Amino acid sequence: MVKTLSLDPIAEAKARVALRHKRAQGLRPPPPGIGSLATKLARTALPDKGSAIDTIKARWADAVGGPIAKYAVPAKITRSASGRILVLKVIPAAAPLIQHQQKQIIERVALAGAGQFDGIRLVQGPLTDTAVPEPRKKRALTADELRWLSDSVKAIDDLALRAATVSLGKAMLSASEPETKTARRA
């Protein structure tokens, strides 16, 4: 507390010198967290082991099979009150199928060596890690194919239905490889 107001320059100089030596020192940074130290120690002690999510990603297709691996990929592992949860990124159309096979996926992942999970959470969205398939190349139909197609729809009386059937037939035949006449009519 200041008892008196002093404009004395000597007292001001003494106060500045005293404050210069008594100013607060900077805080030292806190020690590193135990988690980062444990990770460093584990990496040096177990260099061939990775994190659990990396293990799951590496063995995903073998563990769950091709059809499931085609539509879902492991994204991360979270913890909840009930235990470990595996978060899968799933194509929206396949989400009900993956949800239906949830118990089998948990069992297969556990057998693959990734540990036991108490549940699976699905996050719907496009799979960015998968390659986008190239569109099919369309080919021109031969005169025999066009003739066969028009002959096969002659029995349809409704003109709109006949035109739609011919259009569908052209699309299907142009997307496939040419076949022999005997195989197509069989």
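The values are calculated or read from the model by the stated rules, or taken from the named source; none is laboratory data. Remember, predicted model here, so these are calculated numbers, not experimental data. Don't worry about glycine lacking a Cβ; one is built from the backbone with ideal geometry, like all the others, and counts go over all protein chains shown.
Step by step: first the residues of the stretch 1-22, then only those that are assigned to a helix (DSSP H, G or I) and of a type in the set (Val, Ile, Thr), then the one that is modelled with the highest pLDDT. Which residue is that?
Per the criteria, the residue is Ile10.
Quick check on Val64: is it within 20 Å of Gln116 (Cβ to Cβ), surrounded by 10 or more Cβ atoms within 10 Å (Cβ to Cβ), modelled with pLDDT of 85 or more and in contact with a Ser or Thr (Cβ under 8 Å, 6 or more places away or on another chain)?
Against the criterion (within 20 Å of Gln116 (Cβ to Cβ), surrounded by 10 or more Cβ atoms within 10 Å (Cβ to Cβ), modelled with pLDDT of 85 or more and in contact with a Ser or Thr (Cβ under 8 Å, 6 or more places away or on another chain)), Val64 does not qualify.
Wholly within the stretch 69-186, which helices (runs of 4 or more DSSP H) include no fewer than the required count, namely at least 1 residues that are among the β-branched types (Val, Ile, Thr), at pLDDT 90 or above and farther than 30 Å from Lys57 by Cα?
Hits in the stretch 69-186: 159-175.
From the set of residues in the stretch 23-61 that are of a type in the set (S, T, N, Q), under 30 Å from Leu127 (Cβ atoms) and assigned to a helix (DSSP H, G or I), which is modelled with the lowest pLDDT?
Thr39
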